[in-house]
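Below is one structure, written out as structure tokens; comments come after it.
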């Protein structure tokens, strides 16, 4: 595995590692991208595990008839349960992120205490920043087609 910015003709390697310099500018872009994806609801997080447990504990006649989820099965796999528990931890970390102003006037995003973690949030924010970067590249590529655009699989001029 090599950096995705390196030459891909090096041999039998996968260019899948993203190199990041986590300076204030990059951190601000990550926070902006994360906020944007959450605000425009293009990022969906699973429901909290308490809601999932509550729904599993309901009897069949207590469940809402309009529920589109197939949660009638009483047992969940450990992997499914882990998704909801990790989402709870992520949401807890996201609630602890606060912007702080440095003496030079920059904004840093941190936790109020060194005992609180933000690893899940940082991983998600880095992934969302990369998605945002790819979206911007795709928008630029669409605008650089010199008048050609695709409608329904055929190019028009």
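Things worth noting here:
- All positions within segment 111-124 that are surrounded by 10 or more Cβ atoms within 10 Å (Cβ to Cβ) and in a loop (DSSP other than H, G, I, E, B): 111, 112, 116, 117, 118
- Check on residue 43, surrounded by 11 or more Cβ atoms within 10 Å (Cβ to Cβ) and modelled with pLDDT under 70: no
- Matching residues in segment 88-110 - criterion: being in contact with a helix residue (DSSP H, G or I) (Cβ under 8 Å, 6 or more places away or on another chain), more than 27 Å from residue 17 (Cα to Cα) and either modelled with pLDDT of 90 or more or surrounded by 14 or more Cβ atoms within 10 Å (Cβ to Cβ) (or both): 88
- For residue 28, the stated conditions hold: it is surrounded by 10 or more Cβ atoms within 10 Å (Cβ to Cβ) and at pLDDT 85 or above.
- Residues that are touching a helix residue (DSSP H, G or I) at 6+ places or on another chain (Cβ under 7 Å) and either surrounded by fewer than 14 Cβ atoms within 10 Å (Cβ to Cβ) or in a helix (DSSP H, G or I) (or both), drawn from segment 46-56: 49, 52
- For segment 36-45, a residue qualifies if it is over 10 Å from the mean Cα position of the chain (by Cα) and either in contact (Cβ under 8 Å) with a residue 40 or more places away in the chain or not in a loop (DSSP other than H, G, I, E, B) (or both), and the qualifying residues are 36, 39.
The values are calculated or read from the model by the stated rules, or taken from the named source; none is laboratory data. Being a predicted model, the structure only gives us computed values, none of them experimental. As a convention, Cβ positions derive from the backbone with ideal geometry for all residues, glycine included, and neighbour counts pool all protein chains shown.
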